[in-house]
1. Hey, can you tell me all the residues within the range 183-219 that are over 22 Å from A46 (Cα atoms), open to solvent by 60 Å² or more (accessible area, probe 1.4 Å) and modelled with pLDDT of 80 or more?
2. Considering every residue within the range 141-155, establish whether at least one is open to solvent by 60 Å² or more (accessible area, probe 1.4 Å) and farther than 28 Å from Q196 by Cα.
3. Taking into account only those residues within the range 101-116 that are part of a strand (DSSP E or B) and within 26 Å of G189 (Cα to Cα), which is most open to solvent (accessible area, probe 1.4 Å)?
4. So how many residues does the range 132-153 have that are polar (S, T, N, Q), touching a residue at least 40 places away in the same chain (Cβ under 8 Å) and in a loop (DSSP other than H, G, I, E, B)?
5. Of (1) part of a helix (DSSP H, G or I); (2) under 18 Å from G6 (Cβ atoms), G195 satisfies all except one. Which?
6. Would you check if P129 is open to solvent by less than 40 Å² (accessible area, probe 1.4 Å), over 30 Å from Q207 (Cβ atoms), assigned to a loop (DSSP other than H, G, I, E, B) and not hydroxyl-bearing (S, T, Y)?
7. In the set E75, E54, which member is of a type in the set (D, E) and touching a residue at least 40 places away in the same chain (Cβ under 8 Å)?
8. For A119, are the conditions met, namely being open to solvent by 70 Å² or more (accessible area, probe 1.4 Å), modelled with pLDDT of 85 or more and aliphatic (A, V, I, L, M)?
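The values are calculated or read from the model by the stated rules, or taken from the named source; none is laboratory data. Please read these numbers as outputs of a predicted model, since none were measured by experiment. Ideal geometry is used to build each Cβ from the backbone, glycine not excepted, and the neighbour counts take in all protein chains shown. Accessible surface is based on the protein model in full, side chains and every heavy atom, while ligands, DNA and RNA are left aside. Shrake-Rupley method; radii C 1.70, N 1.55, O 1.52, S 1.80 Å.
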Amino acid sequence: VKAGGGLLLFPSETNQYAQKLFDITSVLGARLPVETLNETNPNNVAVMHHMRGEGDTVKIFWTSGVHASASGAQELTAGVRGVWYPSMPAYNAAHGGPIAVDGNWSVVLSGSSSTHTVAVDLAASTSRPLPPANQLYQRQEPVFAPSLFAVRQLGRGRIALLNQWRQYTTGSGSAWLFDSQVLSKGAKGRKSDMGQLLQNTLRWLAQPTTAGSTGPIGGYKTPAGHLSD
């Protein structure tokens with residue numbers, strides 16, 4: 001990354017035994033808190049269309065908290081007006097959760113003003129994280145409009161961080177069960193621009209390399225016919 005590469009940190013966080021990617025995030029000024037999210041505005045809450053057999057547990061939340069003024073965000077937020085994202089609790093986290101970042105980061109996406117963090121009650125948990133204890137991080141007071149997605153520079157390179165289960169997007173997001181709701185279709189008459197945000201992010205992360213400003217990094221070209229049958 002310091003030489004110009006791009007890094008996408010996209011963990012499916014559970015905080016079940018330890019925070020995922022802790023060795024990386026701890027030196028980059030970021031944390032994945034032991035928290036879930038609560039959206040108090042019912043207009044910003046929907047249930048996945050093809051998961052109603054699970055009752056109302058598989059919910060997605062809406063946010064228009066897109067920060068176009070953040071550093072580099074003009075490229076990142078192009079065509080991004082609002083996002084539906086997963087929220088179902090899982091172990092000591094959720095399918096979509098908050099992030100906590102220091103001043104080196106620029107927050108690109110936040111929850112709505114009616115969304116706040118909820119600290120997980122570890123005393124009641126059956127899957128308490130293991131030592132070292134410094135991997136446990138939670139805020140006892142609720143944080144409203146919490147940060148969901150952020151980016152930063154490091155040397156010549158770029159880093160992006162999103163705390164969300166990938167099944168809803170790059171994993172199985174266009175399959176029947178997920179029905180592209182988080183990627184693009186959305187709910188309640190509002191489309192989701194999460195797919196557009198991810199596409200923009202991948203281009204933004206690759207830009208220093210593809211621009212040829214990083215010396216020996218990159219430059220690989222797939223041979224013609226390499227992917228042919």
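1. Passing the criteria: Q199, L202, R203, Q207.
2. Yes.
3. Here the residue is H116.
4. The number of residues fulfilling the criteria is 1.
5. It fails just one condition, (2).
6. Yes: the conditions hold for P129.
7. On inspection, the qualifying residue turns out to be E75.
8. no
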